[in-house]
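Got a structure here, written out as structure tokens. Questions coming.
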There are 2 protein chains.
Amino acid sequence: MPERKRIIVIGGSAAGPKAAAKARRLDENAEIVIIQKAPDLSMASCGYPYYVGGVFDDRNMLICTPTGEVRDPKFYLKAKGIVARTETEALRIDRQAKTLLIRDLKSGAEETLAYDKLIIATGALPKKPPIPGVELDGISTLQSMGDADYLRDIRDGRQITKAAVIGGGLIGIETCEALQLAGIDITVIEMLPQLLTFLDWELAKLVENHVRAKGANVITDNGIAEFLGENGRLTAVKLQNGTELPCELAVVAIGVTPNVRLAQEAGLEVGATGGLLVNEYMQTSDPNIYAAGDCVEALNLITGKKVHAPYGDLANLQGRAAGENAVLGNAVTFPGTIQTGICKVFDFAAGSTGLSEKAARAAGLTEIETVINASPDKPGFMEGKLLVSKLVVEKSSGRILGAQCVGPGDVSKQLAIWAMAIKARLGVEEMINADLPYAPPFSLAIDHSIATAHLMQNKLKGRMRGISCVEVKKKLDAGERLFILDNRAPEEFDQMRLGIGERLMPLGALRGRLNEMPADKNAEIICFCKISLRGYEAARVLEGHGWKNVKVMEGGVMAWPYPREK
Amino acid sequence: MPERKRIIVIGGSAAGPKAAAKARRLDENAEIVIIQKAPDLSMASCGYPYYVGGVFDDRNMLICTPTGEVRDPKFYLKAKGIVARTETEALRIDRQAKTLLIRDLKSGAEETLAYDKLIIATGALPKKPPIPGVELDGISTLQSMGDADYLRDIRDGRQITKAAVIGGGLIGIETCEALQLAGIDITVIEMLPQLLTFLDWELAKLVENHVRAKGANVITDNGIAEFLGENGRLTAVKLQNGTELPCELAVVAIGVTPNVRLAQEAGLEVGATGGLLVNEYMQTSDPNIYAAGDCVEALNLITGKKVHAPYGDLANLQGRAAGENAVLGNAVTFPGTIQTGICKVFDFAAGSTGLSEKAARAAGLTEIETVINASPDKPGFMEGKLLVSKLVVEKSSGRILGAQCVGPGDVSKQLAIWAMAIKARLGVEEMINADLPYAPPFSLAIDHSIATAHLMQNKLKGRMRGISCVEVKKKLDAGERLFILDNRAPEEFDQMRLGIGERLMPLGALRGRLNEMPADKNAEIICFCKISLRGYEAARVLEGHGWKNVKVMEGGVMAWPYPREK
Ligand SMILES: Cc1cc2nc3c(=O)[nH]c(=O)nc-3n(C[C@H](O)[C@H](O)[C@H](O)COP(=O)(O)OP(=O)(O)OC[C@H]3O[C@@H](n4cnc5c(N)ncnc54)[C@H](O)[C@@H]3O)c2cc1C
Ligand SMILES: Cc1cc2nc3c(=O)[nH]c(=O)nc-3n(C[C@H](O)[C@H](O)[C@H](O)COP(=O)(O)OP(=O)(O)OC[C@H]3O[C@@H](n4cnc5c(N)ncnc54)[C@H](O)[C@@H]3O)c2cc1C
Ligand SMILES: CC(C)(COP(=O)(O)OP(=O)(O)OC[C@H]1O[C@@H](n2cnc3c(N)ncnc32)[C@H](O)[C@@H]1OP(=O)(O)O)[C@@H](O)C(=O)NCCC(=O)NCCS
Ligand SMILES: CC(C)(COP(=O)(O)OP(=O)(O)OC[C@H]1O[C@@H](n2cnc3c(N)ncnc32)[C@H](O)[C@@H]1OP(=O)(O)O)[C@@H](O)C(=O)NCCC(=O)NCCS
Ligand SMILES: [Ca+2]
Ligand SMILES: [Ca+2]
């Protein structure tokens, strides 16, 4: 090995630069080169939707330091002592010779560079649907700076009036909001029954309702069959059920695939998820080659299974570990992910950490309990905003497996709290008396997360029998005659109500009207209110008076995802 | 014991009602009575400052349910099946007879009630300074609904122009903001060298600077000696150093004492903190008597020592445990507190969880490491706002002992994250790759908390030698000639600078100007920048070139608590 260690990093967006920068800080003497195919470096891809939507206008903000310096090759050279070669593609890795063949995309010139350690950070590529018309003008993704420029131009041009977003995931939804902000008429098309698959259906449906309320159209359960065009330009999308939607723009956001061609051609192992196989040191099957970011697969710390988790925060953290290990030998680890993610959806946020109920069941975890909680994030006098959460725990141990949260309230803090609880492998009992920062401008006296744990505790102890809105709806649709109590006040009932055959039975009146309850103490009674706090109290009253099959419809009116009578 | 268990709760604000409500849910049959001295019930005391400040105008919002029902005796009776007797004082507990003597404060009538279980939730009383003039008109506390009414009237009256707030703790600062909002000229007077003693000095000073910037006066290191008056009305306060400050209103907020007279007279044990002694079941030294809230002392889970932790969230959680145990026998525990608290300070928030450096040292924990981090909470393009955090860990194990955070950014989430980490007894290494909810509207790609852990890791591994602003200032004041590098860009230096003899040495220029560095490789060099990220990188460069005593001034310009040249 020569005196100056030669480190080459392939990929110059998040994981690559982070690895290079960390390597530099640990070895001032090393020769560090970033090979970047794209014209820019250090792109905050996660910011594209906000640039496209006009939240800010200066493109440089996507590629600059917090103090406004653009991270271009000159910056990398001067501030970091790193040679960053943009518009340069890595073509072939020769693992025997420990060399990398690169091509300057401007001049076409090829060159072979020698490395001691190589770090692969080639990211992910957007999936394209294998359907007719996909090559038409007017079809884009939102994955690269070029895509962002293209869509921003469309926004600024104010020519296009109708667009379709194909895919209702995080990027699809963010793109929907961005284009909607630009005054474009949007339809989101999702093949699955719901948006944002990291959520369980009933929470995703609340998000969908919000997206619709903001004026965007949403079509679920319906994939795209064909792009239709005239003179090479998109004119409409055709759905699998035959519907044609006229539009001049389609943004495809149906997911990403790890970009591993280069690595695979060099014989590096790829896992079942399609991501590069790395150990906890971010080392590939070749000890001289590390990898990080969207091109690798990671361990899900809850299931122990490998997943593809294409998140910007993880790309940075993995890059940091890879950079250190490439310089110092395997010193630090990236143990894995609990797949915590969040996205803004107009005035809502929606996110998940750990396993959804769906994901838990898919992973074979069936002995689980779930609960839905709804409450404001802060007191009414501080203008608290709604949060709806769903918690998933292991039944036997109470161990927290996952939490989801949606709503206009402070979703991000809720998810951060649960992410920490899951990371630390806490059980519900350890959340019951959590000591969080309480003051009225920031939370309720019993924080929403703690209340959610209380609800779960009540369920696990058999003090609250829950029933989900989905189950109630199923029963109704099956024609079951249900005995349902709405435990709110008459004024509330007048203003807004489900209209599912419920009887108004204000909590405060219940003890005096027990004679109106079913004579059969085993009869099923379903209680709810605005958030089902009073519904729960009503259920406790009825149970106290001998009724044995009283259920609380979790989350109440606020979590009801179906149309209401009023 | 009679068939219907008789439970009496003394105190009707937070802990008491919570205990009563929980008891009711677990025993529909019990006889549950709340004895409340004050005229109101269920007061959200923590909301008083916002009512006084005019954030909202409807007094009922302080005492109502989330859906707007006032929690008065009628509400308690109907919704909770609880008899709540307001303006009724508990006078004497007869533990032998298991009775409570009460007095109706309106009629003066006394009555003796029998109990099976008693729950004491008498809260805390504001401390009053034992100085002349304390009985003058125009001196108040902000502890009761009556106080809130009094101060709100003053706000609405717009007569008073000058006020003093005695005490710079949480309630003092919140009161300062409230009165300042009312257009009153405010001076906060604090005997100690800093505001908000749950913070270490250097963070408290940043808060103080902000309070001053908002137009309030702050006097520290100076207690109050006397209240001066004319015709029985306050006209000025006199400080220990002789200064007289004219004012028509003084709000005393110098802390609270557990209200334990009643319990003490009944022979219940009181701890060294002055709070009622309870075990983890919230049971006093009499097995038939439980206690909760501001009247008890609690275990600090980090030091293992008892503390008085008068927090509204804990009052509720303790009440919930006490209520359950009073009905079911000792079933659930309240294990203790890490003393997490937060308060809004104009456009800042400030809070702490676990131990400050000061508290850790006072508890005999000397083998600790600390670090200060400054960064925006979100990317610049999403209008990120500054956060300044200080982390305290055990040196040997890396175990997280405490975290403080101040600034205009999302302080509350930072504290929630650290509170969970401390609760779960995590070490710094477990925070390095925390998987938090990242998207640009909510955080940086590497969240501020994770970056703070990275900094701490760097210090523990000897890769960053930190020096605090306080130490630098001390050296300067002692006349030491320091070699200080400001690693920002020239434009930044022109706009704002410390003026402590630093040389401008932009990070990007450093590698080319090493000849300007001290010839002595052991010379002390201090680097900093706006937040000391570039300062840290500069230090790595210098260390890479052989300098052995390079320090990073933690938090940089943003954490510098002293006046700047510019
Ligand atoms: C619109 C959008 C919104 C997002 N929002 C979020 C969010 O809110 N939260 C979140 O956590 N994540 C989000 N992400 C994901 C996040 O941006 C990625 O996880 C992150 O960018 C991955 O970084 P990376 O460095 O691994 O790969 P990439 O960012 O994909 O970068 C890989 C780079 O490698 C280069 N490259 C590829 N092959 C070669 C080659 N052969 N030679 C040279 N260079 C090559 C490419 O030019 C590319 O720039 C979002 C992504 C997008 C697109
Ligand atoms: C202005 C202010 C701001 C605050 N801000 C925050 C904050 O942001 N975050 C936070 O966590 N905490 C905050 N707190 C603290 C929080 O309000 C208290 O911790 C909480 O109210 C304690 O509840 P408690 O029920 O134990 O006692 P208290 O609220 O003090 O209630 C005790 C009740 O007992 C009654 N009582 C006393 N003696 C008798 C008797 N002999 N007979 C009958 N009744 C009796 C009194 O009438 C009183 O209403 C704040 C407090 C104040 C005053
Ligand atoms: C920024 C980037 C170039 C990485 O470079 P970097 O030099 O590691 O930059 P960072 O700002 O993350 O941190 C620099 C160092 O300063 C440290 N630091 C941060 N704040 C500090 C402070 N206040 N004081 C001292 N040190 C600080 C960090 O811990 C880090 O050091 P370490 O990794 O050795 O612990 C790379 O992440 C990138 O290109 N990002 C932009 C794109 C992106 O992240 N996209 C995905 C999300 S949209
Ligand atoms: C509100 C108060 C009366 C307590 O009464 P409470 O009936 O326990 O009220 P809460 O709203 O806290 O909760 C009621 C129950 O509903 C549960 N609940 C909350 N949200 C729910 C939901 N969406 N679905 C089902 N149950 C829910 C709670 O967990 C609790 O049950 P549990 O304790 O048996 O687990 C008492 O705390 C009080 O007076 N507070 C006001 C003053 C105050 O707190 N001051 C200090 C801070 S400023
Ligand atoms: Ca994440
Ligand atoms: Ca707290």
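So, in the range B:408-432, exactly how many residues are surrounded by 24 or more Cβ atoms within 10 Å (Cβ to Cβ), at the interface with another protein chain (Cβ under 8 Å from one of its Cβ atoms) and over 19 Å from B:Leu386 (Cβ atoms)?
4
With A:Val237, A:Val278 as the choices, which residue is more than 13 Å from every other protein chain (Cβ to nearest Cβ), assigned to a loop (DSSP other than H, G, I, E, B) and modelled with pLDDT of 95 or more?
Residue meeting the stated conditions: A:Val278.
Something else: Step by step: first the residues of the range B:388-413, then only those that are assigned to a strand (DSSP E or B) and more than 18 Å from B:Ala374 (Cα to Cα), then the one that is nearest to the chain's Cα centre (by Cα). Which residue is that?
B:Leu401
On to the next question. Return the only residue of A:Leu26, A:Leu91 being touching a Gly at 6+ places or on another chain (Cβ under 8 Å) and surrounded by fewer than 22 Cβ atoms within 10 Å (Cβ to Cβ).
Testing whether each residue is touching a Gly at 6+ places or on another chain (Cβ under 8 Å) and surrounded by fewer than 22 Cβ atoms within 10 Å (Cβ to Cβ) leaves just A:Leu26.
Oh, and also: So which residues in the range B:426-478 are β-branched (Val, Ile, Thr) and within 30 Å of A:Tyr50 (Cα to Cα), if there are any at all?
B:Ile432, B:Ile446, B:Ile450, B:Thr452
On to the next question. Is it fair to say A:Leu455 is more than 8 Å from chain B (Cβ to nearest Cβ) and either within 16 Å of ligand 1 (Cβ to nearest atom) or outside any helix (DSSP H, G or I) (or both)?
Considered against the rule, which asks whether it is more than 8 Å from chain B (Cβ to nearest Cβ) and either within 16 Å of ligand 1 (Cβ to nearest atom) or outside any helix (DSSP H, G or I) (or both), A:Leu455 comes out as no.
From the list B:Met558, B:Met517, which residue is within 22 Å of A:Glu69 (Cα to Cα), surrounded by 15 or more Cβ atoms within 10 Å (Cβ to Cβ) and at pLDDT 95 or above?
From the options B:Met558, B:Met517, the qualifying one is B:Met558.
Answer with yes or no whether A:Ile93 is in the same structural domain as A:Lys22 (by TED's automatic domain parsing) and within 26 Å of A:Leu314 (Cα to Cα).
Yes: the conditions hold for A:Ile93.
Scan (1) of a type outside the set (Lys, Arg); (2) away from every other protein chain (no Cβ under 14 Å); (3) over 29 Å from A:Arg320 (Cβ atoms) for the single condition B:Ile484 breaks and write down its number.
That leaves (3) as the condition not met.
Which is farther than 27 Å from A:Ala216 by Cβ, modelled with pLDDT of 95 or more, away from ligand 5 (no atom under 16 Å from the Cβ) and crowded, with 24+ Cβ neighbours inside 10 Å, of A:Leu328, A:Leu391, A:Leu387?
One residue alone meets the criteria, A:Leu391.
Same structure, new question: So which residues in the range A:271-295 are without any contact (Cβ under 8 Å) to a residue 40 or more places away in the chain and either surrounded by fewer than 19 Cβ atoms within 10 Å (Cβ to Cβ) or within 22 Å of the chain's Cα centre (by Cα) (or both)?
A:Gly271, A:Ala272, A:Thr273, A:Gly274, A:Gly275, A:Asn279, A:Ser285, A:Pro287
Moving on to the next point. Considering only residues of the range A:302-318 that are in contact (Cβ under 8 Å) with a residue 24 or more places away in the chain and over 28 Å from B:Pro379 (Cα atoms), which is nearest to the other protein chains (Cβ to nearest Cβ)?
A:Ile302
Could I ask something else about it? Output the number of residues of the range A:450-495 satisfying the condition of being of a type in the set (Gly, Ala, Ser) and buried (at least 17 other Cβ atoms within 10 Å of the Cβ).
Result for the range A:450-495: 5.
Something else now. Would you please name the residue that is farthest from the other protein chains (Cβ to nearest Cβ), looking only at residues in the range A:433-443 that are out of contact with any strand residue (DSSP E or B) (no Cβ under 7 Å at 6 or more places or on another chain) and in contact (Cβ under 8 Å) with a residue 24 or more places away in the chain?
Per the criteria, the residue is A:Ser443.
Considering only strands (runs of 3 or more DSSP E) fully contained in the range B:5-100, which possess at least 3 residues that are in contact (Cβ under 8 Å) with a residue 40 or more places away in the chain and within 16 Å of ligand 3 (Cβ to nearest atom)?
Once the strands (runs of 3 or more DSSP E) in the range B:5-100 are filtered for at least 3 residues that are in contact (Cβ under 8 Å) with a residue 40 or more places away in the chain and within 16 Å of ligand 3 (Cβ to nearest atom), nothing remains.
Further question: What number of residues within the range A:45-86 are at positive phi and over 26 Å from the mean Cα position of the chain (by Cα)?
Total satisfying the criteria: 2.
Just to check your reading of the model, which residue among A:Ala148, A:Ala178 is touching a Pro at 6+ places or on another chain (Cβ under 6 Å), under 30 Å from A:Asn60 (Cβ atoms) and not acidic (Asp, Glu)?
Selected residue: A:Ala178, the only one of A:Ala148, A:Ala178 that is touching a Pro at 6+ places or on another chain (Cβ under 6 Å), under 30 Å from A:Asn60 (Cβ atoms) and not acidic (Asp, Glu).
Yes/no per residue for (1) closer than 20 Å to B:Lys530 by Cα; (2) facing chain B (nearest Cβ under 8 Å):
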residue	(1), (2)
A:Pro49	no, no
A:Val52	no, no
A:Ile63	yes, no
A:Phe75	yes, yes
A:Leu91	no, no
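If you don't mind, there's one more thing I want to ask. Can you pull out every residue in the range A:340-358 that is surrounded by fewer than 24 Cβ atoms within 10 Å (Cβ to Cβ) and closer than 18 Å to B:Asp447 by Cα?
If the condition is that a residue be surrounded by fewer than 24 Cβ atoms within 10 Å (Cβ to Cβ) and closer than 18 Å to B:Asp447 by Cα, then A:Lys344 is the only one that fits.
Counting only residues that are over 25 Å from A:His454 (Cβ atoms) and surrounded by 13 or more Cβ atoms within 10 Å (Cβ to Cβ), which one in the range A:504-513 is nearest to the other protein chains (Cβ to nearest Cβ)?
A:Ala509
Would you tally the residues in the range B:308-320 being in a helix (DSSP H, G or I) and within 10 Å of ligand 4 (Cβ to nearest atom)?
8
Restricting to the range B:334-367, and then to whatever is β-branched (Val, Ile, Thr) and more than 8 Å from every other protein chain (Cβ to nearest Cβ), can you tell me which residue is farthest from B:Ala44 (Cα to Cα)?
My answer is B:Thr366.
Of everything in the range A:520-550 that's more than 18 Å from B:Arg24 (Cβ to Cβ) and within 9 Å of another protein chain (Cβ to nearest Cβ), which residue is surrounded by the most Cβ atoms within 10 Å (Cβ to Cβ)?
A:Ile531
Any residue in the range A:329-346 that is closer than 30 Å to A:Ile289 by Cβ, away from ligand 4 (no atom under 16 Å from the Cβ), touching a residue at least 60 places away in the same chain (Cβ under 8 Å) and touching a helix residue (DSSP H, G or I) at 6+ places or on another chain (Cβ under 6 Å)?
Yes.
Another one. Among the numbered conditions (1) assigned to a helix (DSSP H, G or I); (2) in contact (Cβ under 8 Å) with a residue 24 or more places away in the chain; (3) touching a helix residue (DSSP H, G or I) at 6+ places or on another chain (Cβ under 7 Å), tell me where B:Lys473 comes up short.
Result: B:Lys473 fails condition (3) only.
Please find, among B:Ala478, B:Ala421, the residue that is away from ligand 1 (no atom under 16 Å from the Cβ), modelled with pLDDT of 95 or more and closer than 30 Å to A:Asp347 by Cα.
None of the other options fit; the residue is B:Ala421.
Continuing with the same structure: Return yes when A:Ala416 is assigned to a strand (DSSP E or B) and within 16 Å of ligand 5 (Cβ to nearest atom) and no when it is not.
Taking the combined requirement at face value, the residue does not satisfy it.
Looking at B:Val307, is it surrounded by fewer than 24 Cβ atoms within 10 Å (Cβ to Cβ) and either of a type outside the set (A, V, I, L, M, F, W, C) or within 16 Å of ligand 6 (Cβ to nearest atom) (or both)?
Criteria met by B:Val307.
The values are calculated or read from the model by the stated rules, or taken from the named source; none is laboratory data. Bear in mind the structure is a predicted one, so any value in this text is a computation, not a measurement. Here the Cβ is made from the backbone with ideal geometry for all residues, glycine too, and neighbour counts use every protein chain on show.
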